[in-house]
Each structure stands twice: as structure tokens, then as C-alpha cells.
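Right, one structure below, let's go through it.
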2 protein chains.
Amino acid sequence: MASYTHQTAPTQFVNANGIRFAYRRFGKAGGAPLIFNMHFNGTMDHWDPAVTDGFAKDREVILFDNAGIASSSGEVPTSIEEMAANAVAFIKALGLTQVDVLGFSLGGLVAQEITIAGGALVRRLVLVGTGPRGGEGMATLTPEAQAVFGAKYENPDEVWLGAFFTPSKASQAAGREYLRRFRLRTEDRDPEANEKVAPAQVEALGKWGARQANSYQYLKQIAQPTLVVNGSSDVIIYTINSYILQQNLPDAQLILYPDANHGSQYQYPARFVRHVSAFLSE
Amino acid sequence: MASYTHQTAPTQFVNANGIRFAYRRFGKAGGAPLIFNMHFNGTMDHWDPAVTDGFAKDREVILFDNAGIASSSGEVPTSIEEMAANAVAFIKALGLTQVDVLGFSLGGLVAQEITIAGGALVRRLVLVGTGPRGGEGMATLTPEAQAVFGAKYENPDEVWLGAFFTPSKASQAAGREYLRRFRLRTEDRDPEANEKVAPAQVEALGKWGARQANSYQYLKQIAQPTLVVNGSSDVIIYTINSYILQQNLPDAQLILYPDANHGSQYQYPARFVRHVSAFLSE
């Protein structure tokens, strides 16, 4: 199994919570596997092999489709907490007792709730391009997100150039490289998320993002060492939310990358893997 | 010369701008040396050998006393720009044409002005526990700084426990280790800064820290790749100022460490050296 990579790892299935979860597992087995939680409307195939294979050299990587998405059965719940409950059920169904959890964007919200619900199941947490409950501009899609996701594209993949990268020449060039990399896997790909996914996820995002009194107080429940990563100029979940996470989590380190938008980890995959690997190994 | 360390490097002297500058130079020669710019009321001996010797394994390190401080002659100027002009003269007097510049606190303000004045002289910039012109709470010493620096201590070194470390048990323990380490050098130490240093530095800080229209605009002049580092809870130059630096510099990465105050690099010296070394080698 150690010889599988992002491109070759077969899609496997496991049942939990009445859902048949699709997942792929590869990399160097031994320590706590790193569980990847995907963004809005994404599938396992939207992860960047430069990132996943980068981690897989030193640790086991597990990608999965949460309930109702792509190759997994069931319905997408309309709350982040229910998405997290499904993810915890999936992790436990694999027989795992301790994991590291990485979440990107929507997946970062789910990762926070996995950590709160899972307790000792989670060893360390990595939050990428994400924010806290009731964060700045999180009650609805930001105006920039509405423009990016509402536009039409000749090649639908190009939506990610606007969502994940800045307008600079260097960032757009990195974005084109990312689009190329996430299409490298040609066999056994996931189907795209169906039309029921986005509305349910938007409803969940809205409920979670709504400002409340003491919105950030819940973060005190996350005692695990946490690494927060984002770009300097995230227009999907504003960068200030990464700062707010760091300031309110009990044990968090923050890294912000220059000239980068929501997908900074795909713009600087080698640097991201190095930073996160060092954090996970500390 | 490669065999010198923080403890053994002799104090040397060079003349420039009518000042006799004291400095120490050690580490692996070859690339751009890393020039250290010291904080309020500090001398070469306040640098942490865990940091300086950590860097010296891979690169050349230069510590110096700016004009009017400790073993250097001259007067402390009452502006950051004049301090930077003295530093540039010192660097050029060593015959150096390209350097990396690291500044901590007041030294971070000087480092910014060195970069603006020095142009191509500076390759990369590292700003630690510092802030921008007219930053938040920078027009005067913060209330916390006034309390820490105004108090009496049985052992005067203990002022740094409050200035550089948080009240947590872990941070205070790290602080005690730092106090021990910066006293390890026993021979050829600097004298303490004399009583004329602090008033001049406070005047310079006040002028530089005063809020003006478009206070942060000058940062666009710093094209060099920059790494901004601070603790989560800096009470001397508030942590938000590190975020403001990152957001306004054209090419800056930010790292904030957990449960750390102004002296985060002394609380996590190994992590700090690893992060900065990776940045300088990118």
C-alpha cells in the first residue's frame, strides 16, 4: 500500500452512520494519518497532488467525500455540526483512534467541529483558508465569492483561478499549474458534486457564519495545537478571520503567505508542505 | 574565523560616519551575512545564543552596537531614520554589498528604514516583534510597556521576563532559560547602555510611531521579500501591528507563535531559526 500515490490510490468504501463513504488512503503508514476535509462543492479530486503526495512521503494521507458528495452516498446535511458528526463516524469506521485533521475553507469549519466533537480522536489540527463561527463577512458568501461562483467559464475549472488565486501574474500562473495538477489523475476519478450539494452547503455556511454574542468563545474548547494558514488576500473567507482564529484559539500558530488568495497552499505547495510537516512533527 | 561562536567571537571595531562601531562577526561565511538590529536599551549581549548560533551554522551573523550604545562611540540619534543611516554606514564600512537584515522591536523599525535607505544593499528582511510607522499603540510606550519598564527588579535582567514573555508557566519558564543563556558569555561583554540611551530612543520611537495620514504607504517602498514574526500576545508592540505590516508590505509572510509575547523568538528559538533559515534560503 505504501506504493500508492494521489494518482494511483484506489477509491475504497466504508459504511458508517448509514452512509457509504468513499475514500483514498496512501502514504507512509505509522503515525497519526492526516485526514483532509474538502471545500465548498469540491470532491477528492480537487486536492492538489503536490500537497497530498508531499505529505505522503512522511505520513499517511486520507482523502474522503463527506456524505452526499461525489462517490459517497447519503445527503449533504445543512449544518456544519452534522457534517462533522459524519466525518467522525467515517474516521472511527476506519478503526482509527488518533488522527491529524486538515480542513480547507468549508472543510476548515468542519475540521473545527470534528475536533470539538472528537476530543482525543484528534491529535493536531490544520486550518487553511478558513475562519471562526460568526467571522468577518462569513454570514453570507462574500461579494467577491458571489461574483466568482456566479460567473460562467468556458472551462468550468477556471472558477478556481478566481477563487483561489490573486489577479497577479505570478499567482495566476501558479493557478494554471494547480489546474493542470488536479487533472493529472485520469482513472477512477470522482464524479462532480451534484446540484443538491451547493444549496445545502450554503445553508450550513450561513448558519455557522452568522454573528452571535461571544462568537469566538467556542474556540477555547480546542486545546489541540493548531496551525492556521492563509494567503495575504483571501477574498472568499477574508484573511482577518485567520488572524481571529489564531488570537482566540488556546494554542495556535498563524502563517500568512504573500500575494495569495484563498488557495495559498496550492500557490506555494512545497512551502506549505514543509511548514505543516514541521508543525505536525514538533 | 568559522570557529567563533556567540560566546567567543571577539568584539571588533570599524569607523564610519565619525563613529567607532563595535561589532561581532561569526558563523559560516559565504552568502549574505545576517545583520542583527537590537531592541530598546539593549546591547549585543542581549541577543540569544540559541538564536544567533542557530543561524551561524548556515550563514554569517553580525551583531553590532549602533551609535551611542554600549561599546560604540557617538550619540544615540533621536530619529529612526538617523539610526538607520548610521547602520547603513556601518554595513558599508565592513565592505559588504549585500546583506540580510533582521530587526527586533525598535531594531525592526531601524531595519525597515535600512531597507528603504539601503536599496540593493538589502537582500531579504526579517521583522520580529515590531510594527509600522504610526501603528496601533505606537505613538507612546504602551501602558503595559510603561508598567514593565517602570517597575523595580531585584535582578535587573528580570525586566525581560515581563517584556518578552507571557504570564503563563510555560512562557515564564522559557524566559528563565533565555535569561540564563544571554548571560553565558562571560568575557568581553558589552557595558550596559548608559542613561542617555533610553530618552533618545523613546523620542525616536514617539516620532516614528505617531499616526499620520496614509501611515502605511511607505511600506510599498520595501520590495524585498520580508518575513514578519511575532508572538500571539505582544504587549510591547501590539501583535496587530505584525498583521498590518504583512498586509501592507508588497511581499511579506507572517508567522505568529502561540502563547508568546514580544520575545517569541526567544521562547521558541529552534522553531524561529528553522522558519527564518527556510525563508532566507528560499
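The values are calculated or read from the model by the stated rules, or taken from the named source; none is laboratory data. Please read all numbers here as calculations on a predicted model, not as lab measurements. In this analysis, Cβ positions are derived from the backbone assuming ideal geometry, glycine residues included, and neighbour counts consider all displayed protein chains.
For this structure, a couple of remarks:
- Odd one out for residue B:75 among (1) under 17 Å from the mean Cα position of the chain (by Cα); (2) charged (D, E, K, R); (3) surrounded by fewer than 21 Cβ atoms within 10 Å (Cβ to Cβ): (1)
- Qualifying residue in segment B:210-233 (condition: within 28 Å of residue B:177 (Cα to Cα) and part of a loop (DSSP other than H, G, I, E, B)): yes
Yes/no per residue for (1) in a strand (DSSP E or B); (2) small (Gly, Ala, Ser); (3) over 13 Å from the mean Cα position of the chain (by Cα):
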residue	(1), (2), (3)
B:35	yes, no, no
B:41	no, no, no
B:53	no, no, yes
B:83	no, no, no
B:89	no, yes, yes
B:92	no, no, yes
B:116	no, no, yes
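- Being surrounded by fewer than 20 Cβ atoms within 10 Å (Cβ to Cβ) and more than 21 Å from residue A:100 (Cβ to Cβ) holds for only one residue in A:163, A:174, A:198, and it is A:198.
- Output for segment A:150-160, where each listed residue is without any contact (Cβ under 8 Å) to a residue 40 or more places away in the chain and surrounded by 11 or more Cβ atoms within 10 Å (Cβ to Cβ): A:153, A:157, A:158, A:159
- Contact map, segment A:251-275: residues that are on the phi > 0 side of the Ramachandran plot paired with residues that are in a loop (DSSP other than H, G, I, E, B) and of a type outside the set (Gly, Ala, Ser), Cβ distance under 9 Å, separation 6+ or inter-chain. Pairs shown: A:259/A:166; A:259/B:250; A:259/B:251.
- Per-region count, segment A:151-170, residues part of a helix (DSSP H, G or I) and within 17 Å of residue A:237 (Cβ to Cβ): 5
- Assessment of segment B:126-145 against the conditions (at pLDDT below 95, hydroxyl-bearing (Ser, Thr, Tyr) and surrounded by fewer than 23 Cβ atoms within 10 Å (Cβ to Cβ)) yields at least one matching residue.
- Single match in B:235, B:273 (criterion: farther than 17 Å from residue A:243 by Cα and β-branched (Val, Ile, Thr)): B:273
- Total residues in segment A:83-122, condition acidic (Asp, Glu) and free of Cβ contacts under 8 Å to residues at least 12 places away in the same chain: 0
- Qualifying residues in segment B:18-33 (those that are at pLDDT 95 or above and at positive phi) - the one farthest from the chain's Cα centre (by Cα): B:18
- Residue match in segment B:186-195 (condition: of a type in the set (Ser, Thr, Tyr) and either outside any loop (DSSP other than H, G, I, E, B) or within 11 Å of chain A (Cβ to nearest Cβ) (or both)): no
- Note on segment A:236-282: enclosed helices (runs of 4 or more DSSP H) holding 1 or more residues that are surrounded by 24 or more Cβ atoms within 10 Å (Cβ to Cβ) and facing another protein chain (nearest Cβ under 9 Å) are A:240-248.
- Cβ-Cβ under 9 Å pairs, at least 6 apart or on other chains, segment B:43-54 side over 14 Å from residue B:27 (Cβ atoms) and acidic (Asp, Glu), far side modelled with pLDDT of 95 or more and part of a helix (DSSP H, G or I): B:48/B:54; B:48/B:178; B:48/B:181; B:48/B:265; B:48/B:266; B:48/B:269
- Residue within segment A:211-234 that is facing chain B (nearest Cβ under 8 Å), out of contact with any Asp or Glu (no Cβ under 8 Å at 6 or more places or on another chain) and either buried (at least 20 other Cβ atoms within 10 Å of the Cβ) or acidic (Asp, Glu) (or both) present: no
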